[in-house]
Amino acid sequence: RSCILVSIGGKNIMLDCGMHMGYNDDRRFPDFSYITQNGRLTDFLDCVIISHFHLDHCGALPFMSEMVGYDGPIYMTHPTKAICPILLEDFRKITVDKKGETNFFTSQMIKDCMKKVVPLNLHQTVQVDDELEIKAYYAGHVLGAAMVHIKVGSESVVYTGDYNMTPDRHLGAAWIDKCRPDILISESTYATTIRDSKRCRERDFLKKVHESIERGGKVLIPVFALGRAQELCILLETFWERMNLKAPIYFSTGLTEKANHYYKLFITWTNQKIRKTFVQRNMFEFKHIKAFDRSYADNPGPMVVFATPGMLHAGQSLQIFKKWAGNEKNMVIMPGYCVQGTIGHKILNGQRKLEMEGRSTLDVKLQVEYMSFSAHADAKGIMQLIRMAEPRNMLLVHGEAVKMEFLKGKIEQEFSIDCYMPANGETVTVTTNPSVPVDISLNLLKREMALGGPLPDPKKPRTMHGTLIMKENSLKLVSSEQALKELGLNEHQLRFTCRVQLQDPHSDTDTLHRIYTHLKSVLKGYTIQHLPDGTVMVESIVIKVSSSTEDPNTKVLLLSWSYQFGSDLYCLKRGFFF
Amino acid sequence: MAAHLKKRVYEEFSKVVQIPHEEAPAKKLRLSKPSKSAALHIDLCKATNSTDALQYLLHFARKPVETESVEGVVRILLEHYYKETDNSVRLKIASLLGLLSKTQGFSPDCIVDDAINTLGNEKSHQVLAQLMDTLLVIGTQLPESPAVRQRLIEVACKHLSDTYFGVRNKCLQLLGCLGMVDTPLTKDNEGLVRDVQSIISDYFGDQDPRVRTAALKAMLQLHERGMKIHEIIYDQACRLLSDDYEQVRSAAVQMVWVLSHLYPESIVPIPSSNEEIRLVDDAFGKISHMVSDGSWMVRVQAAKTLGSMLQVSPQFLEQTLDKKLMSDLRRKRTAHERAKELFTSGEFSSGRKWADDAPKEKLDTNTVNLIASGACGAFVHGLEDEMFEVRIAAVEALCQLARSSASFAEKCLDFLVDMFNDEIEEVRLQSIHVLREISTHITLREDQLDTVLAVLEDSSRDIREALHELICYTNVSTKECVQLALLELLKNLNKYPTDRNSVWKCLKFMGSRHPTLVLPLVPELLSTHPYFDTPEPDMDDPAYIAVLVLVFNAAKSCPTMPALFSDHTFRHYSYLRDSLSHLLPGNGLDLVDSRCGLGSVESAQLFLQQSLNRVSTIQNLEAPGAQDLLDFTIRDLRRLGELQTELAGAADFCATYLRCQLLLMKALQDKLWNMAVPLCLKQNVTATAAAQQILEETYKLEFLYSGLDSRQVATIHHVRLQAKALQLILTARTRQGLDSLISSCEKFLQDIESFQRLFLTELPHLQDSFVDKLLELMPRLSSCKPVELVKILQTTLRQSGLLQLRLPEQTMSINSRTMRIHRATATIIEPTGESDNPLRFTTGLVVALDIDATLEHVQDPQNNVKVQVLYPDGQSHVIHPKPGDFRKPGPDRHRLITQVYLSHTAWTEPSQIEVRLLLAYSSSSTSLSSPSKLGWSDSIDSLPTPETAVEGTIPFSKPVKVYIMPKPARR
C-alpha cells in the first residue's frame, strides 16, 4: 500500500492513502496517530493527493477523513473522483455485508469524504495556498492515474503514483516535462524486470482466443472489474471488428457497466487512437460485447466471457469455470497474478483435479493459459522517466527491497544522483539548496550590462560588485553608493602604504625625477604623471620621496595605493624590478 | 420647400474646400506611371494619425505594383518612414519594402543603401527585426552581387548582439541565407578573422531557445547552400540534443544527421573511456537515443533520420533491435527467441504454460545496462511508441535500413511482423508494404508466415490486397509453408469471394517461385490416388482453380510434375489456358502442343521498324497496291502487339496511325472526286465518315498513349489537320451557305497557325508534307476567298504524300524501359457481366453497383478516368469517381474500386446496361502542354487558341453488361 508523507518548505502533504488488502485488522490502514501523536490531522496536513483509484492507493481515505478526522482538501483527477467511490463502496460491501465486520466506514462516510475532494485537470497548476502549488501529469496505468508535481517556493517534489511508460490499447504512456524536481518519488514494482514487447503478448492472446473460437470452444477470462478488463475488451472488440468474427463476447454485469460509463466519458484520458476516433465511434461503446446473463453459460456454440473476480476464488467466474472445465475445447485465460490458495493459482500450476467443497472433485480438462498484462513501468521505463524529469534526488517506493537495491545501484551509476529507498515508517531527509531570491536595482544591473562582455549566459554564474542589504524580510542588492546613501554612512577609503628605502646620493627632487623617467621608460602604456607637488602618479598610485633624517643618502620612497588598484601595483612592481 | 432651399444655400456657402497640401514632392519623381506612387503619397500625407496611415498602407498592399513604379513607391515609403513615429506603421512600411523588392523584374540593388540606413536610428526591436527580414529578401533577390552580400552580412553581425530575440533570429537567418560559401571573411571587433560558421555557432548557446533554433537552422541553411560545415560543430550540436526545448532538439537532430553524412569516417572519442568510434556510429547512437525523447515531434524526426544513415556499422545497427529482457535479475528470452527455438526444435507451439517464459540464467548485475547507451533498442521503442506517427516513421526507417543490409533485414523481420497487429490500419498497411519491399532479402519461417497469414482474415480490403502482394514476393522455406499459405488463402477466398483474382495471382507467383516445394504436395493437392480414379473436381470452383494455378505455375519449371497429373488435369489446363491466360504460363508445359517460340524483343523491334520502313515506300506505288500494303502492315503490327507484350504499345500506336493514313488515302483517291456535287452524295457520306473517324483516331493516338515525344505528337496533329482539311472541302462541296463556310475557313486557318506555333521546332522534319506546303502558301491563303482556299486545299491534300511515322529514339534501345510507348488500358474486373440474375430495385430509388477495375499506364487517373453507364434506351450517364477510390498498387498501375449509382424508370423486362470506363482529355492538359518538352508554353498562355477548347472522352475499356430490372414501386 502507499501512503507517503512529505514535508517540503514547511508544508506537509500526504501522497496517497492506501490500505493493505492482506490484513483484516488494524494493520489494514496506515497508522495515522503516527503523524500527529495527538492533535488534529487537519492542523498538521496541508493537503492530501490521491494518484489513482486503486484501493492500495485510496482505500483508507474515508477512514482517515471521516473516522480519524481530516477536513482539509483532498486532490484527485476527475476520473479518479468518479470511479473511486464505486470501488470503495464495493469494498465496503464485501467487508461489512459479507464478512460482517463492524467498525468500518459507511456509505455515508464515503459520500462525505468525496465532498472534500477537489478535482484536478492534467497540466493544471492548482494553488493549494499561497506557497504550495500542485500540477498533475498523465501517468498511464489506469484511467485517470496521475503523477503530481508539488512545488513550494523553489523546492519541488514529483510523486509518480503507479505509472506506465509503454502505451497500451486504451491508455497512453506517462509523460512529464523537464521540471527538475529536488526529489522524484517513483514506484518500483518492476524494478528488476525489462519486459518484452506488448505486441507479442497481445498477438499471442488474440491468437489463442481466435483458435479456440474456431474450434467451437468457449473462452473464460476471469478479470477484476477495472483497468485491465477494459484493455482486454478493447483488444477483443477491435480484433472482432478486424477479422469479421461473429461469436458473441459477454461481460459480466455489475461494477463494470458503471465503470464503462466513465471510460466512455473520460475519453480525453485515453490513448491517441481512441481519442482520435471517438467522433466516429466511441471505442468503449462495444459493438460485439454484450452484457452477460447467467443462463448464457449453457448456450451452445463458441463464446468469450469476461467474468469477475480475477483469481477464480468466488463469484461468477468460478461458477462458469465449473461448468466449462470438463470440455477440452474450452479455455481459460488468466490475465494476471493469482494469490496462493486460489483456484486460479492451482490450475496455473498444472493441477488437473480440483477438490471442491462438499468433497466432490472437478476434472479440469479445459486449456489453461496465462497471459500477463501489467501496467507498471519496468526498469527501463523508470530510467526513462528519470531522464525525462531530471531530478536531483531519487526515492523508490512501492516495491520489494531486494529489487529496489538493484535499481538504486543502477540509478546512482547512470545518473550520479542520490537514491533512497526507505522502509515503511522510515523518514528520509533530503537537503536542498534553495535559491534565495534577491531584488536587484535596475541601475546596478544596467551598469553591469554596460560593462560589456557577451550577452549574459544563463548557464554560467557571473560575479558583480554590489552591496547586499537585508532589511526586515527582504533582500536587496544595490550599488555601494546607493547603499551608503540609504544607510546614511560616509564612504571610507582604504589606502595601503609602504615604504621602500633605497640608497641614492641625489637630492629628493632628482631622485623623484629619475624614478619618473625610469618608470616612464619601463611602463609603456600606463599613465605616469609628474605632479608639481613633488609626487609621481602611476595610474592611481602615489609615489613620494623624502630623505631619511639620519642619512641623507638613504631615500625613503612612500608608496600609497587604494584597495581596488592592486593590479596597478603589480605593474609598478614590475617597473621597479626591471 | 423653402426651408429645404434655404438649407441648400447654406450648405453651398459653408462648404470648405480642402486642398491637399504638399503635393509638390510627388511631381518631382521621375516616374513613367506616377499615378500609383503619387496616390500612395497623397494618401500617406492625408493620414492624420498612425491608424489612418496603417489603413492606407494595408489597402495599398492589396494591389500589385508595376515594375516601373516600384522604385518610386519605395522612395516615398522611405521618406514617410523617417517621419513616422508610430512603431506599427514603420513595421508595415518595412514589410512593404520587402514585399516590393520581390516584384518581378525589379532589381532591389538601388534601395540597399537606403534600407541599411534605416537600421541606424531605429529604436523599436520589432521594426528592426522586420527590417532585417526585408534585407534578407533584398539579399536573396540579388544573388549575383557579392558586395551587397558582404555589406548585409556585416550589418547582420552588428545587430547580432541585439537584446530582442527576433532581431537575433533574423540576423542569423540572414547569415544562413547569404553567408559566403567560399570566402568566409568577416572581421569582428578584435580584428580576428572569423567565418560565418563560427559566428553562427556562438549562438548555439544563446539564452533564448528560439535563437538557438534559428542558429541551428541557419547552419543547416548554409549546408543546403553547399557550404561545408566544420567538424567542430558536431560537439556543439550533440550538446544541444539535450536541450530543454523541443524545437532546438529537433533542429539539433537534423544538424547531427547532416554532420554524420559529411564526416562519417572521422573518429570521435567516447567520453569516460578511452575508446574511439566512427562519427557516424556515434551520431547514430545519439539520434537513436532521441527516439525515446519526451516530445513526439522530436521522436518522429529522429526515427525518420535514422532511416537514411546507411553508413552505420552493422553492430550498431543491430543494437537498435536489441532489448535485453530480464525478470528478477535473470535473463529472459524474448517471445521472438522462444518462437525461434520452438521452431528449431521441431515442436509446434501448443500454447504456453504458465511460467513458460520463466527466466533461466542469472544475470550479472553489472552487465545489465538499463539506460540504453547508444543505439540500444531504439527501434524497439519507436515501434512501441504511443503516437502512430512515430511508429510509421520507425517502420519506414527500418525499411530503408533493411534494404541496404540483408542481415539487418533478417533481424527486423520479427518486429515488422509484429506490426501487422497494430491498432491503426495505416501502420499495419505500411508495415506490410515495407515487408514486401525487403522481401528479396528474407525467407519467412513457418511461425512468422503463420502470423503473416493470420492477417488474411482482416476485413479491410486494402490490407488483404497488400498482403497478397506481399505473398507474391515472399520466399518460404519448407513445403509446409506452401501448404499453410495455400490453406490460408483458400480460407480467405471462402470468406471474401471478391478477392478471387488477387488470390489467384498470389498463387501464380507462389507456384513459380517454389516449384520444388510444390512438387511433393501435388498428389495431395490434386487428390490423385495411385490406384483409384478420383472424381473429377468442379471446374468452376474458385478454390480448385486456385490449386490448379499454383500447380501449373510450379510445373512450368519442374518437368517431372506433369507425370503426376491425371487426364482431366490436362483438360483443365487447356481450358484455363484460354479462360485465364494471364494466370497460366504461356509455354513450357510439354504436355501441350508448344507454341512456336517467340523471337526476342530485339527481333520484334526490328520487324516493327522494317514494317514502318516498308510503308514509307508507299509513295511510289499505285493506289490499290498502296492500300493493300497498308492493310497488311496494319494486320502484322496488330499481331505483333499481341505476341510481344513489350512492344504492344508501340505496335498498336503505329497500326492506328497507319489506319488513319489508310482511311485518308481511301477518302482521297476515289475517282469520284471530280464529279459534280449532286452526283456523288454517296461518296460524300463515306468521306465524311472517314474524316470523322480519322479525327477520333488522332485524339486516341494523342491521349491514350504515353511516352510519346514531340515529333510523334506533331505527326498526329498533322494527320488531324489533314482530316480537318478534308472536312472543310466536303462542307464546301455540299453546303451552299457561304457564312458557315467563311467561319470554318477562318477556323481552319487558325488551326494551321497554332500548329505552326506549337511545332516550330519540328517543322524542319515535316518537309514536303501537307502542312509544309500550306505554310508556303499561307500568305495567299489568308487573303483569298473561301472558294479559292478550298480549291487550293483540295489540290495540296491530294498531292501531299504520307508522312512517315518515326518511333521515339528510346524505343529503339531495348535497355531503356523508361520511355516506351504504352497504351492506357482498363479492365473491368467487377462486375463480370456473367450474371444471369438481374439486379432488382424499385424505380425512383437507386441501386449501387460495385465497380472494380485495373488501369494501366493512365496518367492522373483521379481527374481523367470516368465511368459511363449506358441504358438500353440510349440514355447515358457519366460518373466521376472520388479521388479516394483510386489506389496505386504498383508503378503505372492503378486500381479503381468504386460504386456507381443506377436508377431508371420502370421496365417490364430485365435488360442489360453497359458500363465502361472513359478517359477524359482536354488539349489544354495534354501531354504536350508540359513546358519541359517544348519551349512554346509561354506563348500559349497569352493567346486563347481555339484548339485548347477541345475536350472529349475516349472509351478505353471493354464494356461490361449488367443485367438490371427496375421494378415499379408498389403502392
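The values are calculated or read from the model by the stated rules, or taken from the named source; none is laboratory data. Just so we're clear, the structure is a prediction, and the values are computed from it rather than from any experiment. Please note: Cβ atoms are built from the backbone with ideal geometry, for glycine as well, and neighbour counts cover all protein chains shown. With ligands, DNA and RNA removed, areas are computed over all heavy atoms of the protein, side chains included. Shrake-Rupley method; radii C 1.70, N 1.55, O 1.52, S 1.80 Å.
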- [ ] Project the alpha carbons of the stretch B:475-577 onto their principal axes and report the range along each, largest first, in whole Å.
- [x] 35, 30, 23
TODO: Would you rank B:V298, A:V438 by solvent-accessible area, highest first, keeping every protein chain in place and using a 1.4 Å probe?
DONE: A:V438, B:V298
Task: Rh (Kirkwood; distinct C-alpha pairs) - chain A, Å - done: 29.8
TODO: Pop the C-beta distance of A:E257 and A:L5 into the FRET formula with R0 = 41 Å and round what comes out to the nearest 0.05.
DONE: 0.65
Task: Largest-first principal axis extents of the Cα set of the stretch A:306-372 (Å) - done: 31, 24, 21
Open item on the list: Per DSSP helix of 4 or more residues, -39500 (n - 2.57); summed, then divided by the residues of chain A. What does that give at 222 nm, rounded to the nearest 500?
Closed with: -9000 deg cm²/dmol
Open item on the list: Check which residues have an amide H placed less than 5 Å from A:Q367's amide H, if you skip close sequence neighbours.
Closed with: A:N330, A:M331, A:V332
- [ ] May I ask which of A:K115/A:K151; A:K93/A:K115; A:K111/A:K290 have a Cα-Cα span longer than 28 Å here?
- [x] A:K111/A:K290
Open item on the list: Starting from a Cα-only point model with no solvent, please compute log10 I(q)/I(0) by Debye for the stretch A:220-354 at q = 0.11, 0.12, 0.20 1/Å.
Closed with: -0.42, -0.50, -1.21
- [ ] Determine the distance separating the Cα centre of the stretch B:482-518 from the Cα centre of the stretch A:118-145; give it in Å without decimals.
- [x] 56
Open item on the list: For a 28 Å ceiling on Cα separation, which of these pairs sit above it: B:K495/B:K888; A:K99/A:K198; A:K258/A:K346; A:K99/A:K264?
Closed with: A:K99/A:K198; A:K258/A:K346; A:K99/A:K264
Open item on the list: Tell me which GluC sites (Glu not before Pro) from the stretch A:467-528 have a DSSP coil assignment and no more than 15 other beta carbons within 10 Å of their own.
Closed with: A:E472, A:E491
TODO: Can you tell me the equivalent ellipsoid semi-axes for the stretch B:91-143? Use √(5λ) from the Cα gyration tensor, largest first, whole Å.
DONE: 19, 11, 8
Task: Options A:L519, A:A259, A:I50, ranked by Cα towards positive dipole end of chain A, top entry (Cβ charges) - done: A:A259
Open item on the list: Could you tell me which residue out of B:A554, B:V503, B:L580 lies farthest along the dipole of the stretch B:490-593 toward its positive end? Charges go on the beta carbon: Lys and Arg +1, Asp and Glu -1, centred on the Cα centre.
Closed with: B:V503
Open item on the list: Taking 2.2 N^0.38 Å as the expected size of a compact globular protein, what ratio does the Cα radius of gyration of the stretch A:239-295 give against it, to two decimals?
Closed with: 1.24
TODO: List the residues whose amide H sits under 5 Å from the amide H of B:I277, counting only those 5 or more places along or on another chain, with H placed 1.01 Å from N in the peptide plane.
DONE: B:V268, B:I270
Task: For the stretch B:962-968, Karplus couplings with θ = phi - 60° (6.51, -1.76, 1.60), whole Hz, Gly/Pro x - done: 10, 8, 10, 8, x, 8, x
- [ ] Could you pull the Cα extents of the stretch A:494-559 along its three principal axes, largest to smallest, in whole Å?
- [x] 37, 29, 20
Open item on the list: Using the Cα atoms of the stretch B:827-914, I'd like the radius of gyration and the largest Cα-Cα distance, Dmax, both in angstrom.
Closed with: 14.4, 46
Task: Euclidean distance between Cα centres, the stretch A:463-512 to the stretch A:207-260, Å - done: 84
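Evaluate E = 1/(1 + (r/R0)^6) for B:T795 and B:R614, where r is the Cβ-Cβ distance and R0 equals 25 Å; express this FRET efficiency to the nearest 0.05.
Once the sixth-power term is evaluated, E becomes 0.35.
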Task: Where N is the number of residues in the stretch B:244-296, Cα Rg divided by 2.2 N^0.38 Å - done: 1.21
TODO: Run through all the Cα pairs of the stretch B:213-253 and give the fraction in each 5 Å bin from 0, expressed as whole percent.
DONE: 6, 25, 32, 24, 10, 2, 0
- [ ] Find how many whole Å separate the alpha carbon centroid of the stretch A:271-305 from the alpha carbon centroid of the stretch B:878-901.
- [x] 34
Task: Cβ crowding within 10 Å averaged over residues, with A:157-163, B:630-636, B:783-789 ranked highest first - done: A:157-163, B:630-636, B:783-789
Open item on the list: P(r) for the stretch A:413-546, please, calculated from all Cα pair distances in 10 Å bins and given in %.
Closed with: 8, 20, 17, 20, 17, 10, 5, 3, 1
Open item on the list: Counting other C-beta atoms within 10 Å, and keeping those with at most 12, which DSSP coil trypsin sites (Lys or Arg not before Pro) do you find in the stretch A:460-566?
Closed with: A:R462, A:K524
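Using the 2.2 N^0.38 Å rule of thumb for compact globular proteins, work out how the stretch B:731-801 stacks up: its C-alpha Rg over that value, please.
1.14
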Open item on the list: What distance in nm separates the two pseudo spin-label positions at A:I417 and A:Q127, each 7 Å out from Cα along the beta-carbon direction?
Closed with: 2.8
Task: √(5λ) per eigenvalue of the Cα gyration tensor, the stretch A:172-242, largest first, Å - done: 35, 13, 13
